[in-house]
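Step one of this worksheet: look at the structure below.
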Amino acid sequence: MTRHYNFGAGPATISELVLEEAQSELLKWNGQGMSVLECSHRSPAFMALIEEAEQNIRDLLAISDDYAVLFLAAPGRSQYAMVPMNLLRGKQQADYLQTGIWSAMAAKEAQKYCDVNIVASSENENYRLIQPRASWQVNSDAAYFHYVSNETVNGIEIHDVPEVDDLPIVTDMTSNILSKPIDVSKFACIYSGAQKNIGPAGLTLVIVRKDYLGQALPITPTVYDYKINADKHSLYYTPATFSIYLANLTFKWLKQQGGVEAIAAVNQRKSAKLYAAIDESSFYHNSVDVPNRSIMNVIFTLANSDLDKVFLEKAAEHNFAGLKGHRIVGGMRASIYNAMPEAGVDALIAFMKDFEQQNA
Ligand SMILES: *Cc1c(COP(=O)(O)O)cnc(C)c1O
């Protein structure tokens with residue numbers, strides 16, 4: 001059986017080179033005479049690994065020493081609670097920009113801990129656009145401004161960091177972290193579940209400004225306290241050791257590809273040709289406001305939704321997996337993260353053209 005092109009949103013495709021490397025050293029890792037899965041998280045070998053992983057992500061995103069880097073054994077959405085718990089810093093209000101289902105979920109969870117001000121919402125527009133900055137109701141007493149840089153389900157991305165006066169900016173970057181260079185110094189906190197662009201599930205990366213730490217709400221569970229995790233270098237509890245190992249292989253792979261700048265150019269090319277194929281046809285359609293189309297998650301519908309099922313069946317025959325859109329929005333979605341080779345996108349476009357010819 002050949003490996004499929006996996007366009008699933010997450011857990012998502014991982015570079016074959018990374019998987020092969022993991023396979024080659026699965027039984028005996030790093031001269032340990034055992035698998036990394038079996039190694040103590042306090043062994044010198046594992047401690048060296050987590051240090052290396054931290055250094056690699058610092059190199060890739062040019063993260064300064066003003067920031068702590070945490071590898072948490074938690075789902076991405078755990079941060080919807082951990083952010084207010086850790087970053088309210090004595091304040092009672094927080095600003096949330098609502099641009100899709102993930103940011104809506106983040107805002108709802110935060111309401112358990114503070115007063116949430118929805119700065120702007122495009123829910124009534126089915127999250128097809130980002131409300132213009134001039135219409136946002138930013139509350140300057142907020143502890144922070146939260147947004148989701150890429151709405152994985154709705155296929156909409158905010159490409160530039162919003163200007164929100166002097167509010168600390170917190171972002172859920174789960175589905176577009178490492179897809180392009182970012183200026184980390186513009187953020188108070190960046191977090192990301194790993195199962196999209198980093199690789200393995202079971203791990204969440206948090207990059208947070210050190211001077212914001214140490215003021216967690218008293219109810220914060222110890223394992224959810226950023227400061228404790230930072231002070232203990234992500235080894236307060238047993239971390240997701242294998243996920244960290246695989247994430248580090250991905251970081252090294254990305255460095256070999258030329259880093260985030262080089263991969264950003266590839267990502268631009270991949271998404272541009274897929275959107276062009278969709279726009280050229282009257283058979284496929286994407287309704288997201290063009291300037292905010294996602295580079296990572298390309299959603300599209302078929303003009304005749306009766307054909308959805310056949311499209312997915314034929315796609316499966318061609319070894320394309322994971323193209324079904326999220327149940328909330330329907331249609332199709334091609335997630336084309338860093339690890340999706342350009343050849344996979346080319347093959348998908350050729351298949352789509354063929355399918356159109358036979359069914360239009
Ligand atoms: C996938 C995803 C999440 C959540 O992932 P879990 O680990 O299942 O909680 C959060 N935010 C965004 C933007 C995502 O794409």
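Restricting 20, 54 to residues that are at pLDDT 95 or above, more than 16 Å from the ligand (Cβ to nearest atom) and buried (at least 20 other Cβ atoms within 10 Å of the Cβ) narrows the list to 54.
Please go through the stretch 310-327 and give me each residue that is within 25 Å of the chain's Cα centre (by Cα) and among the basic types (Lys, Arg), ordered by number. Those that are within 25 Å of the chain's Cα centre (by Cα) and among the basic types (Lys, Arg): 324, 327. Within the stretch 226-250, the residues that satisfy the criterion of being surrounded by fewer than 20 Cβ atoms within 10 Å (Cβ to Cβ), in contact (Cβ under 8 Å) with a residue 12 or more places away in the chain and farther than 17 Å from residue 39 by Cα are 227, 230, 233.
Candidates are the residues of the stretch 326-349 that are in a helix (DSSP H, G or I), touching a helix residue (DSSP H, G or I) at 6+ places or on another chain (Cβ under 9 Å) and hydrophobic (A, V, I, L, M, F, W, C); the one that is nearest to residue 284 (Cα to Cα) is 349. Does residue 332 fit the bill of being in contact with a strand residue (DSSP E or B) (Cβ under 7 Å, 6 or more places away or on another chain), surrounded by 13 or more Cβ atoms within 10 Å (Cβ to Cβ) and without any contact (Cβ under 8 Å) to a residue 60 or more places away in the chain? In short, yes.
Of the set (1) touching a residue at least 60 places away in the same chain (Cβ under 8 Å); (2) assigned to a loop (DSSP other than H, G, I, E, B); (3) of a type in the set (Ser, Thr, Tyr), all apply to residue 40 but (1). Counting residues in the stretch 282-292 that are among the β-branched types (Val, Ile, Thr), buried (at least 21 other Cβ atoms within 10 Å of the Cβ) and outside any helix (DSSP H, G or I) gives one or more.
Kindly indicate which of 278, 228, 263, 219 is part of a helix (DSSP H, G or I), within 22 Å of residue 79 (Cβ to Cβ) and not aromatic (Phe, Trp, Tyr).
Sole residue among the options that is part of a helix (DSSP H, G or I), within 22 Å of residue 79 (Cβ to Cβ) and not aromatic (Phe, Trp, Tyr): 228.
I'd like to check something: does the stretch 125-136 contain any residue that is within 16 Å of the ligand (Cβ to nearest atom), on the phi < 0 side of the Ramachandran plot and either of a type in the set (A, V, I, L, M, F, W, C) or not in a strand (DSSP E or B) (or both)? Looking for residues that are within 16 Å of the ligand (Cβ to nearest atom), on the phi < 0 side of the Ramachandran plot and either of a type in the set (A, V, I, L, M, F, W, C) or not in a strand (DSSP E or B) (or both), one finds at least one in the stretch 125-136, hence yes. From the residues in the stretch 145-173 that are within 10 Å of the ligand (Cβ to nearest atom) and of a type in the set (A, V, I, L, M), which one is farthest from residue 212 (Cα to Cα)? That would be 153.
Of the residues 83, 69, 36, which single one is under 15 Å from residue 171 (Cα atoms) and away from the ligand (no atom under 16 Å from the Cβ)?
69
Is it the case, given these coordinates, that residue 199 is surrounded by 20 or more Cβ atoms within 10 Å (Cβ to Cβ), touching a residue at least 60 places away in the same chain (Cβ under 8 Å) and touching a strand residue (DSSP E or B) at 6+ places or on another chain (Cβ under 8 Å)? So residue 199 fails the test.
The values are calculated or read from the model by the stated rules, or taken from the named source; none is laboratory data. What you are looking at is a predicted structure, and each value in this text was computed from that prediction instead of being measured. Positions of Cβ are backbone-derived with ideal geometry, glycine not excepted, and every protein chain shown enters the neighbour counts.
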